[in-house]
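Report on one structure; see the data block that follows.
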Amino acid sequence: MNGTAVNPSVSDGYEIPRGRLVEHLRGHYKIADERVLAAMNTVPRHLFVHDAMRSQAYKDNALPIAGGQTISQPYIVARMTELLELKGRERVLEIGSGSGYQTAVLALVARKVFAVERLDVLAAEAKARLLKIGFRNISYKTADGTEGWPVYAPFDAMLVAAGGPEIPKPLVEQLEIGGRLVIPVGSEPKSQILVRVTRTEKGFDTENCGPCSFVPLIGQHGWK
Ligand code: SAH
């Protein structure tokens, strides 16, 4: 784990509910990647929600954040991260960083995260929060993430936390051979299928990883 940022041995008073959540991810949802579980057991999710919602931070629910958006459900954060099969050396592009919670989990299990968010208010808050917690392996950009981040391409892994009508072409083009992209895709703005695309020598392998529900991906290669 690249976790110099958050120190799990420093008590923040939420160890017990956070530990219970992680046992639920392991037992009920069968999340098996120990590095992902350790990251979920480390990131202080209560610091990524509004003060008034802190007591709900370790329940397995999405919660409202600014701009009409949501912090993703812990289960879906763990599942998408696990699907990326990160070993610790990867450069990861994240689209739709929102509160920065998923960004923090990725930053603990990969080498470097490139976080893109289209709403300025969320991007600015997330950056300040992640810097304050101590993360130093994240680059931030406020932009339409459906265009990817060409100057830093190719990426070993990509995670999109909002659902579009199709897989944005610039993203698959910026994927390294052997790299994985996890993205919700669907013809309805709020209900999707979680898809994993792996770039191979010859083309792309696409796997259906089950139904999911995300806020809409808005942009040039998303919903208009
Ligand atoms: N994982 C985040 C999820 C936030 S919700 C969290 O747990 O906090 C999804 C986010 O995607 C929203 O913040 C929304 O503003 C953002 N988004 C939607 N379309 C986008 C686009 N084209 N580029 C970048 N971000 C986008």
TODO: For segment 184-214, enumerate the residues that are farther than 29 Å from Pro64 by Cα and open to solvent by 90 Å² or more (accessible area, probe 1.4 Å).
DONE: Glu201, Lys202, Phe204, Thr206
Task: Single condition Thr81 does not satisfy, out of (1) open to solvent by less than 40 Å² (accessible area, probe 1.4 Å); (2) without any contact (Cβ under 8 Å) to a residue 12 or more places away in the chain - done: (2)
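Here's the yes/no breakdown for (1) open to solvent by 10 Å² or more (accessible area, probe 1.4 Å); (2) more than 9 Å from the ligand (Cβ to nearest atom):
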site	(1), (2)
His50	yes, yes
Ser55	yes, yes
Asn61	yes, yes
Tyr101	no, no
Ala104	no, yes
TODO: Give segment 186-211 a look and list any residue that's more than 16 Å from the ligand (Cβ to nearest atom), under 19 Å from Pro170 (Cα atoms) and within 17 Å of the chain's Cα centre (by Cα), or say none.
DONE: Val195, Arg196, Val197
Open item on the list: Quick check on my filter: what residues within segment 139-152 are more than 20 Å from Val215 (Cβ to Cβ), of a type in the set (A, V, I, L, M, F, W, C) and open to solvent by less than 40 Å² (accessible area, probe 1.4 Å)?
Closed with: Trp149
Open item on the list: Exactly one condition in (1) within 12 Å of the ligand (Cβ to nearest atom); (2) over 22 Å from Tyr101 (Cα atoms); (3) outside any helix (DSSP H, G or I) is false for Phe214; which is it?
Closed with: (2)
Task: First in segment 194-205 and within 12 Å of Ile183 (Cβ to Cβ), second anywhere and in a loop (DSSP other than H, G, I, E, B) and open to solvent by less than 30 Å² (accessible area, probe 1.4 Å), Cβ under 8 Å, 6 or more apart - done: none
Task: Test for Ala38: is it of a type in the set (Gly, Ala, Ser), open to solvent by 10 Å² or more (accessible area, probe 1.4 Å) and over 23 Å from Glu117 (Cβ atoms) - done: yes
Open item on the list: Consider segment 108-138. How many of its residues are within 11 Å of the ligand (Cβ to nearest atom) and open to solvent by 60 Å² or more (accessible area, probe 1.4 Å)?
Closed with: 4
- [ ] Would you check which residues across segment 139-153 are within 11 Å of the ligand (Cβ to nearest atom) and either in contact with a Cys (Cβ under 8 Å, 6 or more places away or on another chain) or aliphatic (A, V, I, L, M) (or both) and list them?
- [x] Ala143
Open item on the list: Give me the residue from segment 170-180 that is farther than 16 Å from Lys112 by Cα and assigned to a strand (DSSP E or B) and, out of that set, least open to solvent (accessible area, probe 1.4 Å).
Closed with: Gly178
Open item on the list: Tell me yes or no: at least one residue of segment 88-95 is farther than 16 Å from Gly178 by Cα, modelled with pLDDT of 95 or more, within 14 Å of the ligand (Cβ to nearest atom) and buried (at least 24 other Cβ atoms within 10 Å of the Cβ).
Closed with: yes
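The values are calculated or read from the model by the stated rules, or taken from the named source; none is laboratory data. These numbers come from a predicted model, not from an experiment. Positions of Cβ are generated from backbone atoms using ideal geometry, with glycine treated the same way; all protein chains shown enter the neighbour counts. Surface areas here come from the heavy atoms of the whole protein model, side chains and all, with no ligands, DNA or RNA. Shrake-Rupley method; radii C 1.70, N 1.55, O 1.52, S 1.80 Å.
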